[in-house]
Structures are given as C-alpha cells and as structure tokens.
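Worksheet: one structure, shown below.
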Amino acid sequence: MRTITYRQALNEALDEEMARDPRVFLFGEDIAIYGGAYGVTAGLWQKYGDERVIDTPISENAIVGTALGAALTGLRPVAEIMYIDFIGLCMDQLNNQVAKIRYMFGGKCTVPLVIRTEGGAGRTLGAHHSQSLESWLIHIPGIKVVMPSTPYDAKGLLKSSIRDDNPIVFIEHKMLYNTKGEVPEEEYLVPIGVADVKKEGKDVTIVTYSRMVLFSLEAAKILEKEGISVEVIDLRTLLPIDIETVVKSVKKTNRVIIVEEDCKTGGTGAEIGMQIIENAFDYLDAPIVRVAGADVPMPKSPVLEKLAIPDVERICKTVKEMLK
Amino acid sequence: MEITKELAIKLLKQMMEIRQFEDMIMELLAKNIAEGGSHLYAGMEAVAVGAISVINPDDYITSTHRGHGHAIAKDGDLKALMAEILGKKTGVCKGKGGSLHLADLSKGNLGANGIVGGGLGIATGAGLSIKLQKQNKVVLCFFGDGATNNGIFFECLNMASLWKLPVIYICENNKYAMSVSVERSHAVKDITKKALAFDIPSENVDGQDVLAVREVVSKWVNHAREGNGPSFIVANTYRYYGHSRSDPRVYRTREEEKFWRERDPIIIFGNKMKEMGILNEEEINQIEEEVKKEIEEAVDFAIKSPYPEPEELYTDLYV
Ligand SMILES: Cc1ncc(C[n+]2csc(CCOP(=O)(O)OP(=O)(O)O)c2C)c(N)n1
Ligand SMILES: [Mg+2]
C-alpha cells in the first residue's frame, strides 16, 4: 500500500469531500494561498476558488459563529482554528451556540459543522502555541471530539466528520503532520466513536490518543523485548469515548495505564479512568495510573518542554512499576 | 522636534540593534541553534524605536508576537533577551517564555504575546490603573493590522474612550496578517477610521521615518498626560522577512518587497543625519561596528548559558 503523511491524508480528505459535496467549504485564517499554518489545505484554494476556501480576518469568535450560521442554513462548513490555544477566543460560540442549539431548539435542526484545529507540544513554541485543551471540550455535551494519531485514521475520520450531522471538533497534532503511514488509494471511512487496538498484548493496557499513541507503541516495542506484553488502545474519539473496547481489554489484562499529553488535573485521563472504574472495577488488579502532562503552562525552554509531557522512558518505567 | 547628536546616536543605535538582532536570530534558526518560531521585526524598527523614545522609563508598553523590537527599544538587555529566545536560564523570563513572551516588568514592558490582540486588554487595564492611581504615566499599546479585526480591539477602544484612559494605541500596519493582506481582510482599508466609532482621535504616520513617528507619538503622549484620553496611530510599515521561517511569501511580490527595502528606516535616518550634519559616515559605521560586537556578545552569552534546571518546571506557577 502507498505511504503518505498525516498532512497529505488530511488534505485528501478535504479534497475528496469538497469534490463529493458542493455544500462543503473551508473557512479560516491563512488557509487559501498560504495553505494553512501547517499546510493542510495546500492547493485547495487553487482548485476550488475563493468561494469554497475562504480566508477570514483574525476573528476566531466570528469564525465559529458564522460557520454555525452557515451550517444551520444549508451548508457544511469546515472551519479552521489555527492553534487550539486560540479556542478560548471562540469558546462562547462553541459552547453556548454550536453545542447547544440543536438540543435547545428541541432537535429541530442539525449542525453539520467541523472545526479543525491543532494542538500539542514539541516545537518549543511556548505557552500560547503548545497546549492540549481537549479536556475542556469533552465537558461540552452536544459536540464530538476527534483526535486521530495516524494518517489512515486522520483521513477516514475527517471524511466521517464532514459527513456527520453533528458539530465536531477535530484536533490534529502539530508533531504528527510529517509522520507517514499506509493509506489506501480507494475511498474508506473510519467511524467516529470507535477506538482502535493499535497493538495487542496481555499484561497491561495502555489507553491513549493522538501523539501519545506513537510514544506508547514505541514503549510497547521496547517492553516486548523485556518480555512484557502491552496492549495499546487508541481512543481516536474522546467524545464519546468507546468504553466498550477499553473494558474488553481491561478484562484481559486487568491493568490500565492512561497516557495523555494534557495537564493531569481535570484532564482527559480522569474521565477515562472513571469510566473504567464504573464499568470494569472488578476486573482491575491494580489502581489505574496516569502518565500525563505536568500541571503547568508549557515552558519555552526545550529541556523543560520535554519534561512537561510524557516520554517513552516514563511510559516504560510506569509499566514496569505496575507489573512489579 | 529638536534632534541632538546624542539622541541621533541613540535612535540609530537602537534601530541597528534590532536589525542585527533579528538577522542573527534568522541565522540561529537556520543553524537550529534557536528552536521553534520567531516573528522578526526587521524593517519595522522605526516604529518601536521612534515611539518608545518619547516616553519615560516608568511608562508602560504592551507588545506583540513580533516583540523583539519593542523589548529592545524599551531598554531591554540584549543578552537576557537573546538567552530567553534560546530558552536559557539566564533569559529575561528564565527561559520559560521564549520569543513570543518576552517581558521585562522592571522596565515597563508588560510583555509580548502569543495571542494576536492579547496585549490590548493588558494595555487598557494598565491605563485604567494609571488613572485610578492618579499617576502621570502613559501606555503605548502595540499591535498589528490583523489584530484590529479581533473583538478585543473594539471592546478595549470603547472602554478606553469612555473612561479617557491614557493609552496610545499604535497599529503597526505592515500590510499583511500572515498571508492575508489588509485589502483582503478589512472592510475599511484606512485603519485609522476604526477609531472614529469610538470618538478616538487617530492618524496615519510614515512608519519608516523614525522622526515622524516621534513627532506624532509625542503629540498624543502629551494629549494623554494632560488627561484627554486615548489616541490611535497607524504606523505604515513593512516586515522584511516572511511571517515565520518557513514562509515562502507567495502572497506578496518581490517588487513590493524591493519597494519597501528602498524605504529602509535605518538608511533613511542615517542619510538624514548626514544631510543635517549631525552624524558623518564614519560615525555611522562606528555605531554599526559597536552594535555588531554587542550582538556577538549577546549570542555568545546566550549560547554559553545553561538551560534551566528540571526543578524549574514547577516554580513560578503560584506565589
Ligand atoms: C488570536 C490569534 N489568532 C491567530 C494567531 C496566529 N497568528 C499569529 S501572528 C498572525 C498574524 C498577525 O497579523 P498582524 O496583527 O497584522 O501582525 P504582524 O504579524 O503582521 O506583525 C496570526 C494570524 C494568533 N497568534 N492569535
Ligand atoms: Mg500585519
């Protein structure tokens, strides 16, 4: 099978969905001639023109608000918020309008809206360009939150997101854009809300998502050589969480480690862990452990940035401690 | 405004410091000695230098994501700034902030900002604080053309005008917000008009002419100190480099870049000083050499400085 980057996979998803459905259009900062801050929309403005790839002013609140208005009245916007760090500027529109409108209006409308954004640390960009804010979003009933880790999932999930009639926040990771993976030429979709067992194992389950899937798989490979068999579950969607797949794995391994890049306190792992306790407490042979980001703003210094997020070594160490 | 030899040297030197500092960062980025991103101020030096030269050391500024120039002009220490950009312990923010968060509160620099428009609230609040504390200070609030499209801009201008706050809003109109030109993103092309809605006096100024910037900013600084409230200045300027290191600048032409490079603020000012007989060629070259040495020392200092200790990860979060 051919191999392409995560960036290309996303670009293909946008391209294919725009070709398939004239109601789909792109809306955001520097997405036209510039092709997006991380190059995801490259070439699409040239192909689809000014009316379907729209450069907006730097007006995040209005980007989400107007995208919602368009979604309510016959179009299927894919809005881009350049960094998830800027989500605060449009949180009101997202939380009070986008997420609630269908419910408040008694189910009499749909909101076919995708908000693509990108997060995570790794480029030493400091406190305003490195955050992992997914846990803010999973606290909002009415939206779905998708976070793919591989090019295959990125493409399939973005296509599904664009076809979904619910509002979706689709969070990419800045350190994944150049990663490569197998992506078939022919069309496929990846369903939203379904986790994926990225590696099977029997001693311990790692539940993770986004870039931390790659770290966890690397750790699993190292541990395999030491005779430790790790199962790695990529949640892929954080809202709703596919707890069934997780529980199935817990029943097999009886041990769970959650690996997440976001700040530990009130983080996504807290929710995952609690759902495991609610659904599989009797199967746990050890307390659930989190390997998570530090509870601090992301520091600039490369040495501190590295310490602020999980790494392969810490994952390996945690697994070994749990099995001791 | 009168210009003495001493002042001429100061203005020229600061502009050269900024230019060489930015050229050096570009080099360090290319060599991977500096990591991450940096938005460079080269080409726009006359705005920060001219504006900040007319305020007092205890007056405030707020800066932007393109903040090296403001930091240097507000008496920033070149070594500590360079070290900060490299994420070193000796940096002005202990290596925790980086290029996007340069700040030095001891010098009245309330900080660069990673969020476009992020400084507007801080500047307006500092203005309110000055007023409530009955001080005679002012705030220079720098931001880009792009920032004037964000909600906070309108909210802050309204408050500042309503309460007559001593804030001079300085829009650095360098024609683009990343790749999007003012033409393609502003309903009003003459950005000064945005202040009309709030009854704030506004005017355009040639941002390549440091003396013109001084003239205009000092007028509005006096206006603010006399209790007459905010003003809004649009300094027309241009950034030489791409928005970031990887920017191939496909959204603007090489002719346009050439046009602006011919309006270089450092050359314009140097020539003017020669014409007026205030500085001669030799003196100008000498200043340039001095600056070169300073920048080399700053880089040397920054590179040799240690990174923060691991324990620093958790310090400074709460008092
Ligand atoms: C709220 C917010 N939106 C978007 C960005 C990404 N971004 C960084 S700089 C920039 C362009 C800013 O343009 P302008 O205000 O004109 O300043 P310039 O870069 O031209 O100096 C953009 C879109 C950001 N940092 N913050
Ligand atoms: Mg600009």
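The values are calculated or read from the model by the stated rules, or taken from the named source; none is laboratory data. It should be emphasised that the depicted structure is a prediction, and the values quoted were computed from it without experimental measurement. Positions of Cβ are generated from backbone atoms using ideal geometry, with glycine treated the same way; all protein chains shown enter the neighbour counts. Remember, those area values only see protein heavy atoms, side chains included, never the ligands or the DNA or RNA. Shrake-Rupley method; radii C 1.70, N 1.55, O 1.52, S 1.80 Å.
With respect to the conditions (1) within 30 Å of A:I309 (Cα to Cα); (2) open to solvent by 90 Å² or more (accessible area, probe 1.4 Å); (3) touching a helix residue (DSSP H, G or I) at 6+ places or on another chain (Cβ under 7 Å), B:S305 lacks only one, and its number is (2).
Which count do you get for residues in the stretch A:287-315 that are more than 8 Å from every other protein chain (Cβ to nearest Cβ), open to solvent by less than 20 Å² (accessible area, probe 1.4 Å) and of a type in the set (A, V, I, L, M, F, W, C)? The number of residues fulfilling the criteria is 4.
Suppose we filter the stretch B:169-212 for residues that are aliphatic (A, V, I, L, M) and within 16 Å of ligand 1 (Cβ to nearest atom); how many remain? The total comes to 8. Got at least one residue in the stretch A:21-32 being of a type in the set (A, V, I, L, M, F, W, C), in contact with a Gly (Cβ under 6 Å, 6 or more places away or on another chain) and more than 22 Å from A:L89 (Cα to Cα)? Within the stretch A:21-32 (the criterion being of a type in the set (A, V, I, L, M, F, W, C), in contact with a Gly (Cβ under 6 Å, 6 or more places away or on another chain) and more than 22 Å from A:L89 (Cα to Cα)), the answer is no, since none of the residues qualifies. Just one of (1) under 16 Å from A:E60 (Cα atoms); (2) open to solvent by less than 20 Å² (accessible area, probe 1.4 Å) fails for B:G108. It is (1). Go through (1) under 30 Å from B:E183 (Cβ atoms); (2) buried (at least 17 other Cβ atoms within 10 Å of the Cβ) for B:I267 and report which single condition fails. Just one mismatch for B:I267, condition (2). The set of residues in the stretch B:179-233 that are among the aliphatic types (A, V, I, L, M), buried (at least 18 other Cβ atoms within 10 Å of the Cβ) and within 21 Å of B:R252 (Cα to Cα) comprises B:V180, B:V182, B:I191. Residues in the stretch B:136-168 that are touching a Leu at 6+ places or on another chain (Cβ under 8 Å), in a loop (DSSP other than H, G, I, E, B) and within 16 Å of ligand 1 (Cβ to nearest atom): B:N150 alone. Within the stretch A:72-81, is there a residue that is within 16 Å of ligand 2 (Cβ to nearest atom) and within 13 Å of chain B (Cβ to nearest Cβ)? No. Here the strands (runs of 3 or more DSSP E) wholly within the stretch A:167-253 that include at least 2 residues being surrounded by fewer than 23 Cβ atoms within 10 Å (Cβ to Cβ) and in contact (Cβ under 8 Å) with a residue 40 or more places away in the chain are A:180-182, A:196-199.
So for the stretch B:81-95 (the condition being under 17 Å from B:G207 (Cα atoms) and in contact with a helix residue (DSSP H, G or I) (Cβ under 8 Å, 6 or more places away or on another chain)), does at least one residue qualify?
No, the stretch B:81-95 contains no residue that is under 17 Å from B:G207 (Cα atoms) and in contact with a helix residue (DSSP H, G or I) (Cβ under 8 Å, 6 or more places away or on another chain).
Would the stretch B:21-41 turn up any residue that is under 26 Å from B:H223 (Cα atoms) and open to solvent by 10 Å² or more (accessible area, probe 1.4 Å)?
The answer is no; no qualifying residue exists.
If I filter the stretch B:123-140 for residues that are within 16 Å of ligand 2 (Cβ to nearest atom), in contact (Cβ under 8 Å) with a residue 24 or more places away in the chain and buried (at least 19 other Cβ atoms within 10 Å of the Cβ), do I get at least one hit? Checking the stretch B:123-140: not a single residue is within 16 Å of ligand 2 (Cβ to nearest atom), in contact (Cβ under 8 Å) with a residue 24 or more places away in the chain and buried (at least 19 other Cβ atoms within 10 Å of the Cβ).
Residue pairs whose Cβ atoms lie under 9 Å apart, separated by 6 or more positions or on different chains, with the first residue in the stretch B:215-239 and free of Cβ contacts under 8 Å to residues at least 24 places away in the same chain and under 14 Å from B:I170 (Cα atoms) and the second open to solvent by 50 Å² or more (accessible area, probe 1.4 Å) and within 16 Å of ligand 2 (Cβ to nearest atom), are B:V216/B:N204. Pick from B:E297, B:E311: which is open to solvent by 10 Å² or more (accessible area, probe 1.4 Å), within 14 Å of chain A (Cβ to nearest Cβ) and of a type in the set (D, E, K, R)? Within the list B:E297, B:E311, the selection yields B:E311.
Scanning the stretch A:55-68 for residues that are open to solvent by 40 Å² or more (accessible area, probe 1.4 Å) and facing chain B (nearest Cβ under 10 Å) returns A:P57, A:N61, A:A62. For B:F153, the criteria (1) more than 14 Å from chain A (Cβ to nearest Cβ); (2) crowded, with 19+ Cβ neighbours inside 10 Å; (3) farther than 16 Å from B:I55 by Cβ hold in every case but one, which is (1). Residue count for the stretch B:235-277 under the criterion of being of a type in the set (G, A, S) and within 23 Å of B:T148 (Cα to Cα): the result is 3. Regarding the stretch A:109-119, can at least one residue be identified that is in a loop (DSSP other than H, G, I, E, B), touching a helix residue (DSSP H, G or I) at 6+ places or on another chain (Cβ under 7 Å) and under 22 Å from B:G118 (Cα atoms)? No: the stretch A:109-119 contains no residue that is in a loop (DSSP other than H, G, I, E, B), touching a helix residue (DSSP H, G or I) at 6+ places or on another chain (Cβ under 7 Å) and under 22 Å from B:G118 (Cα atoms). Of the residues making up the stretch A:147-160, one or more are among the basic types (K, R) and under 30 Å from A:K199 (Cβ atoms). Every residue in the stretch A:129-153 that is more than 15 Å from the chain's Cα centre (by Cα) and crowded, with 22+ Cβ neighbours inside 10 Å, please. Matches in the stretch A:129-153: A:H129 only.
Checked against the criterion of being over 26 Å from B:H39 (Cβ atoms) and away from ligand 2 (no atom under 15 Å from the Cβ), the stretch B:141-157 contains not a single residue that satisfies it. Tell me, please, whether a residue that is without any contact (Cβ under 8 Å) to a residue 60 or more places away in the chain, out of contact with any Leu (no Cβ under 8 Å at 6 or more places or on another chain) and within 16 Å of ligand 2 (Cβ to nearest atom) can be found in the stretch A:93-108. No, the stretch A:93-108 contains no residue that is without any contact (Cβ under 8 Å) to a residue 60 or more places away in the chain, out of contact with any Leu (no Cβ under 8 Å at 6 or more places or on another chain) and within 16 Å of ligand 2 (Cβ to nearest atom). Flag: A:A220 does not match the condition of being among the hydrophobic types (A, V, I, L, M, F, W, C) and either under 25 Å from A:I168 (Cβ atoms) or modelled with pLDDT under 95 (or both).
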